[in-house]
Amino acid sequence: MTAEPHDPDASTERAGSSPVKRQQIIDGANRVFARHGFEGASMSQIAREAGVSKGTLYNYFESKAVLFIATIELVSCSRLSALYDAIVANTHDPRGALTRFARSYVGVTMTDVTMALHRIVVAEGAMFPQLAETFWTNGPEKAISHLATWLELKTEQGFFTIDDPKLAAEQFIALCQTRIITRRRFNLPVDETPADIDRIANAAVSVFFKSYGRESDVGHQ
């Protein structure tokens, strides 16, 4: 029987008292969930991977479900910040902003951590619907909502002709998932160099502007 790692802080730490320890646990949980899925992972495995005692682990997270949800929320928050920054950098260049958004979206979505979480949620969402809801709410839905708000503003400013900003945002994000993300989700080989990402981003923006851009902007390359 494998002994749990000694953790002198276990008896004194209050739940969530140390951001560093919390991050340490989440990092370990990410690795365990990626290897074993949600149902196959155990709190004992996570404690060993994170280098803490089970006592400390439960001081921070009362259950495996709570820990997995915290993992989703933290990963989503860190990934989405790059998307937010991408579309606010230049308010007078919507084409450039959407191109940056597309590059960032592909980049953050194709990471091993994000892909692992997506596969877990797809595989186990029917049995654990709260996991799927949390993943959707903290990831795709936030990205769609933020982009839709920006598209609505740019439509009011005359850059686009869009009747349903949320639908347009969903369509643009779907375009960003062409080839690289789709093949990565199936664990299929795909070229994913910066040049390949640029190609997907530029194509997504081109198609989007042909559908929604002002007539004077459609031919701009």
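Things to note:
- Scanning the stretch 22-78 for residues that are aliphatic (A, V, I, L, M), in a helix (DSSP H, G or I) and without any contact (Cβ under 8 Å) to a residue 40 or more places away in the chain yields V32, M43, I46, A50, L57, V66.
- Residue in the stretch 185-206 that is part of a helix (DSSP H, G or I), touching a strand residue (DSSP E or B) at 6+ places or on another chain (Cβ under 8 Å), in contact (Cβ under 8 Å) with a residue 40 or more places away in the chain and more than 26 Å from L117 (Cα to Cα) present: no
- If you filter the stretch 140-199 down to residues that are in contact with an Asp or Glu (Cβ under 7 Å, 6 or more places away or on another chain) and more than 18 Å from R214 (Cα to Cα), you find that the one that is surrounded by the fewest Cβ atoms within 10 Å (Cβ to Cβ) is I144.
- Residue selected from the stretch 79-107 under the condition outside any helix (DSSP H, G or I) and not hydroxyl-bearing (S, T, Y), by the criterion nearest to the chain's Cα centre (by Cα): A89
- Residue tally, condition free of Cβ contacts under 8 Å to residues at least 12 places away in the same chain and hydrophobic (A, V, I, L, M, F, W, C), over the stretch 140-154: 1
Bear in mind these aren't lab numbers, they're just calculated from the coordinates by the rules spelled out. This is a predicted model, so every value here is computed, not measured. Virtual Cβ from ideal backbone geometry, glycine too; neighbours counted across all protein chains shown.
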